[in-house]
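What follows is a single structure, written as structure tokens, with notes after it.
The values are calculated or read from the model by the stated rules, or taken from the named source; none is laboratory data. The structure presented is a predicted model; accordingly, all values stated were derived computationally and were not measured. Cβ coordinates were reconstructed from backbone atoms using ideal geometry, including for glycine residues, and neighbour counts include every protein chain displayed.
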């Protein structure tokens, strides 16, 4: 039996907490009203997905089984690019491997992925590809996929190399400094983009209508700043595998972003939600000045 969104969020949160908690605490963590939490908990107990003994609420084997269809199977990192705006730092180091406060950028996400219990990890590499081999020492489960076309194309060519791996998968840009590892979860309910609601942005933002992500655009007010930490369900992953080659083969397709598939011409085919996060949960480091601002060791 499929879970509705509230049932899913509560079950997955209770699974993650695995400690004592109150209904009020659950309400604060999932962002639902206390009344809604209480009604949903009652329904989950009636379905035998949860048990309640006094004030203690526990997940049952039936509850675990109900969550299983939503398990994240893998994480795919797109890491082939050069990072031209961070020259000279990237002349000898791929951008995802740049150390920020003593830790390579990509490791902030790799650690979060492992913390969520995701063990299938794929990295698409291109520029200075052999430099990524050092990651195997700490993360021996990593599988590398080569993108020989990275220099002449946009990141759609990296997505093309792993188009069959989008199903039940996180697909992440490798140059995001993740400060909140809880954003990577063991289970996901729907295809989604992470976004921070902001009064104004001059960067890429998500276009959201009726609760669904319908596109992307540069700049806007009272909107969601877009981050390329995404999740794709089995159904939408199949569509990515189908439509990526169509866009790639179209006139000018090799210069497109891979996001132009689900957030462009083919958007009506997808069912994408925005997953809200807070300012500071993710840091984008696109320029040398932004790198220096977060890590003073790079100089003023």
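Mind counting the residues in segment 107-120 that are within 13 Å of the chain's Cα centre (by Cα) and under 21 Å from residue 81 (Cα atoms)? Don't jump to the end; show me each part of the working.
Pass one, segment 107-120, residues within 13 Å of the chain's Cα centre (by Cα): 108-110, 112-113, 116, 118.
Cutting the leftovers down to under 21 Å from residue 81 (Cα atoms) gives us 108-110.
Of the residues in that region, 3 qualify.
The residues listed here are 219, 210; of these, the one that is on the phi > 0 side of the Ramachandran plot, modelled with pLDDT under 95 and in the same structural domain as residue 284 (by TED's automatic domain parsing) is 210.
Name the residue, out of 3, 44, 11, that is in contact (Cβ under 8 Å) with a residue 40 or more places away in the chain and more than 24 Å from residue 115 (Cα to Cα).
Details: 44 fails: in contact (Cβ under 8 Å) with a residue 40 or more places away in the chain; 11 fails: more than 24 Å from residue 115 (Cα to Cα).
It is 3.
For segment 163-186, which positions are part of a strand (DSSP E or B) and within 13 Å of residue 70 (Cα to Cα)?
The first filter runs over segment 163-186 and keeps only residues part of a strand (DSSP E or B), leaving 169-173, 176-178.
Within segment 163-186, 169, 170 meet the criteria.
Assessment of segment 39-48 against the conditions (more than 30 Å from residue 157 (Cβ to Cβ), part of a loop (DSSP other than H, G, I, E, B), modelled with pLDDT of 95 or more and not assigned by TED's automatic domain parsing to the domain that holds residue 287) yields at least one matching residue. Taken together, the criteria exclude residue 16 from residues that are surrounded by 12 or more Cβ atoms within 10 Å (Cβ to Cβ), outside any helix (DSSP H, G or I) and modelled with pLDDT under 95.
You will find that of 189, 150, the residue that is assigned to a loop (DSSP other than H, G, I, E, B), modelled with pLDDT under 95 and either in contact with a strand residue (DSSP E or B) (Cβ under 9 Å, 6 or more places away or on another chain) or crowded, with 18+ Cβ neighbours inside 10 Å (or both) is 150 and no other.
Report whether or not residue 247 is surrounded by 16 or more Cβ atoms within 10 Å (Cβ to Cβ), at pLDDT 95 or above and either in contact with a strand residue (DSSP E or B) (Cβ under 6 Å, 6 or more places away or on another chain) or closer than 19 Å to residue 77 by Cβ (or both).
Working: surrounded by 16 or more Cβ atoms within 10 Å (Cβ to Cβ): yes; at pLDDT 95 or above: yes; either in contact with a strand residue (DSSP E or B) (Cβ under 6 Å, 6 or more places away or on another chain) or closer than 19 Å to residue 77 by Cβ (or both): no.
No, not satisfied.
Hey, could you check segment 70-101 for residues that are part of a helix (DSSP H, G or I) and farther than 18 Å from residue 230 by Cα and say which is farthest from the chain's Cα centre (by Cα)? The residue in question is 91.
Please find, within segment 19-38, the residue that is modelled with the lowest pLDDT out of those that are more than 22 Å from residue 71 (Cα to Cα) and in a loop (DSSP other than H, G, I, E, B).
Let us first name the residues in segment 19-38 that are more than 22 Å from residue 71 (Cα to Cα), namely 20-25, 27-28, 32-38.
Subset that is in a loop (DSSP other than H, G, I, E, B): 20-22, 32-33.
Working: 20: 68, 21: 73, 22: 76, 32: 87, 33: 88.
The extreme case among them is 20.
Considering each residue of segment 102-123 in turn, none proves to be in contact (Cβ under 8 Å) with a residue 12 or more places away in the chain, part of a loop (DSSP other than H, G, I, E, B) and within 24 Å of residue 260 (Cβ to Cβ). Scanning segment 261-297 for residues that are in contact with a helix residue (DSSP H, G or I) (Cβ under 6 Å, 6 or more places away or on another chain) and either surrounded by 19 or more Cβ atoms within 10 Å (Cβ to Cβ) or not assigned by TED's automatic domain parsing to the domain that holds residue 199 (or both) yields 261, 270, 277, 285, 291.
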